[in-house]
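Just below is one structure, and these are the notes that go with it.
The values are calculated or read from the model by the stated rules, or taken from the named source; none is laboratory data. Here the structure is a predicted model, which is why all the values come from computation and not from measurement. For neighbour counting, all protein chains shown are included, and Cβ atoms are generated from backbone atoms with ideal geometry for every residue, glycine included. Each accessible area value is taken on the protein alone, full model and side chains, heavy atoms only, with ligands, DNA and RNA left out. Shrake-Rupley method; radii C 1.70, N 1.55, O 1.52, S 1.80 Å.
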Amino acid sequence: MTDRRNPSAPRPAGSPPRVSYLVFRLERRIRARLDEALARHGVTTTEYMALSELRLRDGPSSAELARIAFVTPQAMSLVIRDLEGRGLVRREPHPDGGRVLRTRLTAKGLSTLRRCDRSLDDIEAVMLAGVDDATRKALAESLMGCAGALRPDSRS
């Protein structure tokens, strides 16, 4: 463990790896499997994130989706345009006017998303096979708390 008074001090041999390192390693492994599974459905991971968010939120803008997916607004605009071209989403003017377009899932988009969800269910089943329900719940709550603590708007 690193000495809190001297964060650059080396950690003793045999000490457990940092939680952030373990989370990063896990994310990379999940991402590799997810990329492969989603490709079979003709969807990228960024597209899946956008479709998933559209299921949860009513008509977000491309800029809002970009923040959630950790991509630039320009990149998300291209993603949305491609999803729209494939009939997975539709865009309509925001009721308040202006240039903002609201994005919504189509029936085809929801069907595609459900197939992708089943692939993610399979990945999670393998990953969490040795984890009991109480630990899964605690893990999910802990990860949400960690992510919330690092949100840009949570800084003091």
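Look at I80 and say whether it is under 26 Å from V19 (Cβ atoms), surrounded by 12 or more Cβ atoms within 10 Å (Cβ to Cβ) and under 18 Å from the mean Cα position of the chain (by Cα). Walk me through it before giving the result.
Details: under 26 Å from V19 (Cβ atoms): no; surrounded by 12 or more Cβ atoms within 10 Å (Cβ to Cβ): yes; under 18 Å from the mean Cα position of the chain (by Cα): yes.
Judged against the criteria, I80 is not a match.
Take the residues in region 122-156 that are closer than 22 Å to Y48 by Cα and open to solvent by 90 Å² or more (accessible area, probe 1.4 Å), then tell me which one is modelled with the lowest pLDDT. Break it down into steps so the answer makes sense when it comes.
Pass one, region 122-156, residues closer than 22 Å to Y48 by Cα: 122-128, 140, 143-144, 147-148, 151.
Restricting the remaining residues to those that are open to solvent by 90 Å² or more (accessible area, probe 1.4 Å) gives 122, 126, 144, 151.
Working: D122: 96, V126: 96, M144: 93, R151: 81.
Per the stated criteria, the residue is R151.
Exactly one condition in (1) farther than 13 Å from V43 by Cα; (2) in contact with a Gly (Cβ under 6 Å, 6 or more places away or on another chain) is not met by L88; state its number.
(1)
Give the residues of region 80-104 that are at pLDDT below 95 and part of a loop (DSSP other than H, G, I, E, B), sorted by residue number.
Scanning region 80-104 gives H94, P95, D96, G97, G98, R99, V100.
So, in region 31-53, how many residues would count as being open to solvent by less than 50 Å² (accessible area, probe 1.4 Å) and in contact with a helix residue (DSSP H, G or I) (Cβ under 7 Å, 6 or more places away or on another chain)? Working first, answer last.
Here is the first cut: in region 31-53, the residues open to solvent by less than 50 Å² (accessible area, probe 1.4 Å) are 34, 37-38, 42-43, 45-48, 50-53.
Among the residues that remain, those that are also in contact with a helix residue (DSSP H, G or I) (Cβ under 7 Å, 6 or more places away or on another chain) are: 34, 37-38, 43, 45-48, 50-53.
Within region 31-53, residues that are open to solvent by less than 50 Å² (accessible area, probe 1.4 Å) and in contact with a helix residue (DSSP H, G or I) (Cβ under 7 Å, 6 or more places away or on another chain) number 12.
Looking at (1) polar (S, T, N, Q); (2) within 25 Å of A147 (Cα to Cα); (3) loosely packed, with under 13 Cβ neighbours inside 10 Å, can you tell me which one S111 breaks?
All conditions are met except number (2).
If you check every pair at least six apart or on different chains, which have Cβ atoms under 9 Å apart with a residue in region 73-94 that is free of Cβ contacts under 8 Å to residues at least 40 places away in the same chain and at positive phi first and a residue that is open to solvent by less than 70 Å² (accessible area, probe 1.4 Å) and not in a strand (DSSP E or B) second?
Partner pairs satisfying both residue conditions: G87/T106; G87/G109.
Within region 17-33, is there a residue that is more than 27 Å from C146 (Cα to Cα) and not β-branched (V, I, T)? Give the derivation first.
So in region 17-33, the residues more than 27 Å from C146 (Cα to Cα) come out as none.
No, there is no match, as no residue in region 17-33 is more than 27 Å from C146 (Cα to Cα) and not β-branched (V, I, T).
I'm checking my understanding of the structure. Among residues of region 13-50 that are without any contact (Cβ under 8 Å) to a residue 24 or more places away in the chain and of a type in the set (F, W, Y), which one is farthest from R115 (Cα to Cα)?
The qualifying residue farthest from R115 (Cα to Cα) is Y21.
Could you tell me whether region 23-40 includes any residue that is in contact with a His (Cβ under 8 Å, 6 or more places away or on another chain) and more than 17 Å from L120 (Cα to Cα)? Can you show your working first?
Step one: filter region 23-40 for residues in contact with a His (Cβ under 8 Å, 6 or more places away or on another chain), giving none.
Scanning region 23-40, I find no residue that is in contact with a His (Cβ under 8 Å, 6 or more places away or on another chain) and more than 17 Å from L120 (Cα to Cα), so the answer is no.
Based on this model, can you work out whether A63 counts as under 16 Å from the mean Cα position of the chain (by Cα) and closer than 24 Å to L26 by Cα?
Criteria not met by A63.
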